[in-house]
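What follows is a set of notes on a single structure, which appears directly below.
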Amino acid sequence: MALTLEDKKQIVSEVAAVAAEAHSAVAAEYRGLSVEQMTALRKKARAGGVYLRVVKNTLARRAVEGTDFECMQEGLTGPLLLAFSQEDPGAAARVIKDFAKEHDKLNVKLVAISGQLLDASQLDRLASLPTKDQAISMLMALMKAPVEKLARTVNEVPGKLVRTVAAIRDQKQASA
């Protein structure tokens, strides 16, 4: 069934709204995947906070126009699905990477983050970015380390005094 002009406008505005808020995007060719496999991919994407949509290329080009992902326009050819990370920059890359491990028919064509088009081989690098919670915990560990080191250093002085006094006591007891 052909899309009406109103349907096309609605799709473009929906994808454009998501693209305007997204951190990163991945476009992958899905040729050869079954309906069940696509459904499983959509389920994983929803669970991972990723907006996943199969859109006609002309509509996708219009949707990303004026967003950070405008750099992807020329590469939007063939049957592609678009995955936009809504929560953290690496979410879409993680979902696509994990699914592509099990299904070799899913081929990554384009990867973009913050208006910069990356090579498809950079998917692993983007997927390895920490989540927001992981980044916060890493930052807190870095901030906590100097304080812990200071506390250990300050605590070492009385500990060394106690060990010295105990050694002198043991020495006097041994000589007596």
Practice prompt. Work out Dmax and Rg for region 5-129 from the C-alpha atoms and quote the Rg first, both in angstrom.
Written response: 13.1, 40
Worksheet item: How large is ³J(HN,Hα), in whole Hz, for each residue of region 23-32 in order, when computed from phi with the Karplus curve 6.51 cos²θ - 1.76 cosθ + 1.60 and θ = phi - 60°, using x for Gly and Pro?
Response: 8, 8, 9, 9, 10, 9, 7, 10, 4, x
Worksheet item: Where a ≥ b ≥ c are the square roots of the eigenvalues of the C-alpha gyration tensor, would you call region 130-176 rounded, which needs a/c under 1.5, or, failing that, prolate if a/b is larger than b/c, or oblate?
Response: prolate
Item to complete: Measure nothing fancy, just the Cα-based angle from helix 35-47's long axis to the longest principal axis of the chain, in degrees from 0 to 90, nearest 10.
Response: 40 degrees
Practice prompt. Measure nothing but the geometry: give the 0 to 90° angle between the long axis through the Cα atoms of 132-175 and the longest principal axis through the Cα atoms of the chain, rounded to 10°.
Written response: 10 degrees
Practice prompt. Step through the table entries K8/K132; K105/K132; K43/K109, compare each Cα-Cα distance with 28 Å, and write down the pairs that go over it.
Written response: K8/K132; K105/K132
Discussion item. Among V35, V147, I113, which residue has its Cα furthest toward the positive end of the charge dipole of the chain, with +1 on Lys/Arg Cβ and -1 on Asp/Glu Cβ?
Written reply: V147
Worksheet item: Ordered by packing density, taken as the mean number of other Cβ atoms within 10 Å over each peptide's residues, highest first, how do 131-137, 93-99, 48-54 rank?
Response: 93-99, 48-54, 131-137
Response to the item:
Candidates V154, V35, V111; GNM for the chain (alpha-carbon contacts under 10 Å) flags as most fluctuating V154
Worksheet entry | Residue-averaged 222 nm ellipticity for the chain, from DSSP H runs of 4+ at -39500 (n - 2.57), nearest 500 | -19000 deg cm²/dmol
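Since every read-out is calculated from the coordinates, none of them should be taken as a lab result. From a predicted model like this one, the values you see are computed outputs, not experimental measurements. Because the Cβ atoms are built from the backbone with ideal geometry, glycine has one as well, and the counts that use them run over all protein chains shown.
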